[in-house]
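Asker: One structure follows; several queries about it will come next.
The values are calculated or read from the model by the stated rules, or taken from the named source; none is laboratory data. Not measured: the values here are computed from a predicted model. Every residue, glycine among them, receives a Cβ derived from its backbone with ideal geometry; neighbour counts consider all protein chains shown.
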Amino acid sequence: MTLSFQTLGLSEAQLRVLGDLGFTDPTPIQVQAIPVLLEGRDVVGQAQTGTGKTAAFGLPLLHRLEQNNPDVQALILTPTRELAIQVAQALHSFRTESRVRVLPVYGGQSIERQLQRLERGVQVVVGTPGRVLDLLERGSLRLNGVRMLVLDEADEMLNMGFLPDVERILSQVPDARQTAFFSATLNNGMQQLIRRYLKEPVNVRVQTPKDAPVRITQVAYQLPRNVPKSRALLPILEVEDPEAAIIFVRTRQAAAELTSTLQAAGHSVDEYHGNLSQSQRERLLSRFRSSQVRWIVATDIAARGLDIDTLTHVVNYDLPDSLESYVHRIGRTGRAGREGRAITLVTSFERYKLRAIERHVGQTLEVLSLPTRAEVEAKNLEKFKTRIQEALSGERLASFLPLVAQLGGDGYDVQAIAAAALQLAYDGNRKPGDMALADELEPEQRSNGGSEGGRPRSSRPVPRVSRRS
C-alpha cells in the first residue's frame, strides 16, 4: 500500500497546508518519524540532508503546540545560522494558524531585535547553541514550558565543539519533554548523548549514503600533473557551464583566492565562508537565489543548511575530509525533483580517495579528462549560436538592417558581412584568457592522455572577408 500524508495522523488543517505547498507523497524519513513523534515518543532519526527531516519533526511539533499559549513550547538547536533560518522558514510555511510564532536566533543578527520578539511571545525557537545560551543567561529566554526539544544535524554540532553548550541547554529544559535527535551519522559522542538524554527512543533510519540519488549525475575530472588546480578548473567550467553552482573548497583563504581567479576570468562568482558577517551572507544568498551571482565558492559551512532548489551543480574543488561530507555536499543539488550534477576534481595522488567515495555511494564515477581547446571552443560557439538565434527573433534586429544594406552597397557580400559581425561579437564576448588558458594546458593535456592522443592540433584559419568584384 502506498502511504500518504493522510495516513500519518496529521490534522486536516495540516493536510490542507501541505496540499497548498505542493507536498504530495511523504519521504521515507517522514513516513517513519511522523507517527512516532505524534505519539509523544523520543526519536533518533538518521538520514542525510535533503531527505525531508525538517517536515519529519516540524509537522508533529506544530501539531502538538498549544496555539493560545504564548510561552516557548519547542526548542530546535542547529549547528549553523543558515540552518536555523532555513528551519524557521519551513516551520513558518507549515503553520496552520498565524498566531503561531517561530523565531530564529543566531549570532550575527542584532540581539535587541531577538529580545523584542521574545518579549512579544514566541512558541517555537530555532537557534544556534551560542545565541540560545546568551539569551538564557540574560534571562530573556525561558525554557520551563518546553514540551519538545529537537537537535537537527546533531553530529555536526558535536563536530563543531558544541557539546558543552548543548548539555548546558539540555539541563535547563524540563525532564518531562519529548526529545528528537536528527543526524547523518551516529558516532560515539552521539551514542553517549542519546543514552544520557533520551528515554527509550525509537530509532528511525533512512539508508541514503550507499544509494546516491539517481537525479544527481556524479563525475570526476582527472587533473594533469603540474597544472595549478585553479587554472585547470576554468576549462571544466567553460564546458560544464553551470547555471547555478556551489564550488566547495577547504579553507577561507582558498575561497578568496579561487574567487579572485574566477572573477578575473570574467565569471559571475562570489565567496562564502565563516569570515563573512551574517548580513553579508544573507545578501550574497539573496543575490545567488535571484541569479545576480551564478556561482558561490564556499567552505564546508555551506554544506549544511543551505537549501537552494535551483542549484544545478556542485563542484568538489577540494575533496572533503569525510565521506559523509561528500554526500552532504552533493545533496545540495538535485532537489525538488530537479536534475543535478556533481563534479569532483581529482589529482593523481587522490585516486584512492575517489575509490573510497565510489564504495561509499555504491556507484562508479565516470572519470573525464580535462577539456581540450577544441571542446571549449565548440561549447562557446554553441552558446554563441543560441544567442544569435535569440537575436534573430528580437525587436532590435530591424535597426541594424540599414547598415547591412549600406555595406552591401559598398560591394561586400552579405554572407561576409554576417561573418565579420559574428567575429566581432564573438571576440567581444569571450572572457579574459579563455584561449590563452587552453593553449597553456595543451602540452600537459597531451602528455597525460588527452583526447587526441598526443597529436599536435592545427588551428583553423580565419576566413577572409571578400568583396564582390
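Asker: Scan segment 217-229 residue by residue and report those that are surrounded by fewer than 16 Cβ atoms within 10 Å (Cβ to Cβ) and farther than 19 Å from residue 357 by Cβ.
Answerer: 225, 226, 228
Asker: Among what's in segment 335-374 and is in a helix (DSSP H, G or I) and among the charged types (D, E, K, R), pick the residue that is surrounded by the most Cβ atoms within 10 Å (Cβ to Cβ).
Answerer: The qualifying residue surrounded by the most Cβ atoms within 10 Å (Cβ to Cβ) is 373.
Asker: Name the residue, out of 159, 188, that is in the same structural domain as residue 65 (by TED's automatic domain parsing) and loosely packed, with under 15 Cβ neighbours inside 10 Å.
Answerer: The match here is 188.
Asker: Kindly evaluate residue 396 against the criterion of being farther than 19 Å from residue 229 by Cα, without any contact (Cβ under 8 Å) to a residue 12 or more places away in the chain and either of a type in the set (Lys, Arg) or not in a helix (DSSP H, G or I) (or both).
Answerer: Yes; evaluated as a whole, the condition is true for this residue.
Asker: Here's a follow-up. In segment 263-282, how many are more than 16 Å from residue 246 (Cβ to Cβ) and buried (at least 18 other Cβ atoms within 10 Å of the Cβ)?
Answerer: Total satisfying the criteria: 1.
Asker: Restricting the search to segment 249-261, which residues are among the small types (Gly, Ala, Ser) and either in a loop (DSSP other than H, G, I, E, B) or over 17 Å from the mean Cα position of the chain (by Cα) (or both)?
Answerer: Those that are among the small types (Gly, Ala, Ser) and either in a loop (DSSP other than H, G, I, E, B) or over 17 Å from the mean Cα position of the chain (by Cα) (or both): 254, 256, 260.
Asker: Find the residue count for segment 262-278, including only residues that are outside any loop (DSSP other than H, G, I, E, B), in contact (Cβ under 8 Å) with a residue 12 or more places away in the chain and touching a strand residue (DSSP E or B) at 6+ places or on another chain (Cβ under 9 Å).
Answerer: Summing the residues that are outside any loop (DSSP other than H, G, I, E, B), in contact (Cβ under 8 Å) with a residue 12 or more places away in the chain and touching a strand residue (DSSP E or B) at 6+ places or on another chain (Cβ under 9 Å) in segment 262-278 gives 5.
Asker: Failed condition for residue 237, given (1) outside the structural domain of residue 82 (by TED's automatic domain parsing); (2) out of contact with any helix residue (DSSP H, G or I) (no Cβ under 6 Å at 6 or more places or on another chain); (3) in a loop (DSSP other than H, G, I, E, B), with all others met?
Answerer: Failing condition for residue 237: (3).
Asker: What residue, among those in segment 149-175 that are of a type in the set (Gly, Ala, Ser) and without any contact (Cβ under 8 Å) to a residue 12 or more places away in the chain, is farthest from residue 28 (Cα to Cα)?
Answerer: 171
Asker: In addition: Name the pairs whose Cβ atoms lie under 7 Å apart, with the first residue in segment 283-299 and crowded, with 20+ Cβ neighbours inside 10 Å, the second of a type in the set (Ser, Thr, Tyr) and assigned to a helix (DSSP H, G or I), and 6 or more positions between them or separate chains?
Answerer: 297/259
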